[in-house]
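Remarks on the structure that follows.
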Amino acid sequence: AHRKRDEEEHEIGLVHRDVSPQNVLISYEGEVKVIDFGLAKSTLNASHTNPSIVLGKFLYMSPEQARHQNVDRRSDLYAVGLCMYELMAGKNPFDDAPPGELMARVASPQIRPLNQVEPLTPPAVAQMVMRALAPDPAQRFQTAEDFRARLLAILMEMKPFCRLW
């Protein structure tokens, strides 16, 4: 979705803004499908979101989204990192935040390293997830392709004879 282009082949800058486990499906063929682009934003949008309105699920927001700053595809990749963290740790890193503190914690995250929460996590996997969860977007994966390439490289290191599509 991040690579979508308009009729003149210009990137439209699509950002989902609501990546969460509820919006990620696995097909019968094993393909990952992201659904519900109702909050998506792109350069094609004619209207602008009121900066005082926060859209999306708080537990899966990037810090910049929670701070009402501009978001780009790296914000979606942060949310993917949160989904992966939750999948491996068995809980979202913000689950324990009191309701009154949730937005402040999301806006300025101090996420406990995944390998401390789930010690059986392979170090390379924990490092990859924590990179996706960097509070500074410049320190995260810059594209979904970069994220995917790192994940595939880790999988190949772990299972070199496994066939990946």
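Laid out as a table, the results:
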quantity: Where labels lie 7 Å past Cα in the beta-carbon direction, separation of Val24 and Asp136 in nm; calculated: 2.6 nm
quantity: Cα gyration tensor category, rounded, prolate or oblate, for the stretch 85-132 with a/c compared to 1.5; calculated: prolate
quantity: Cα-based shape type of the stretch 60-141, given that a ≥ b ≥ c are square roots of the gyration tensor eigenvalues and the cut on a/c is 1.5; calculated: oblate
quantity: Fraction of accessible area attributable to carbon and sulfur, the stretch 69-165 (%, probe 1.4 Å); calculated: 57 percent
quantity: Backbone N under 13 Å from the Asp36 label point (7 Å along Cα→Cβ), restricted to the stretch 1-20; calculated: 17-20
quantity: Hits among aspartates and glutamates - C-alpha to C-alpha of Lys91 under 15 Å, sequence gap 8 or more where chains match; calculated: Glu118
quantity: Probe 1.4 Å - accessible area at Lys159, Å² to nearest ten; calculated: 130 Å²
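The values are calculated or read from the model by the stated rules, or taken from the named source; none is laboratory data. Computed from a predicted structure; not experimentally measured. Quick reminder, even Gly has a Cβ in these numbers, built from the backbone with ideal geometry, and neighbours come from all protein chains shown. Protein only, heavy atoms only, side chains kept; ligands, DNA and RNA dropped before computing areas. Shrake-Rupley method; radii C 1.70, N 1.55, O 1.52, S 1.80 Å.
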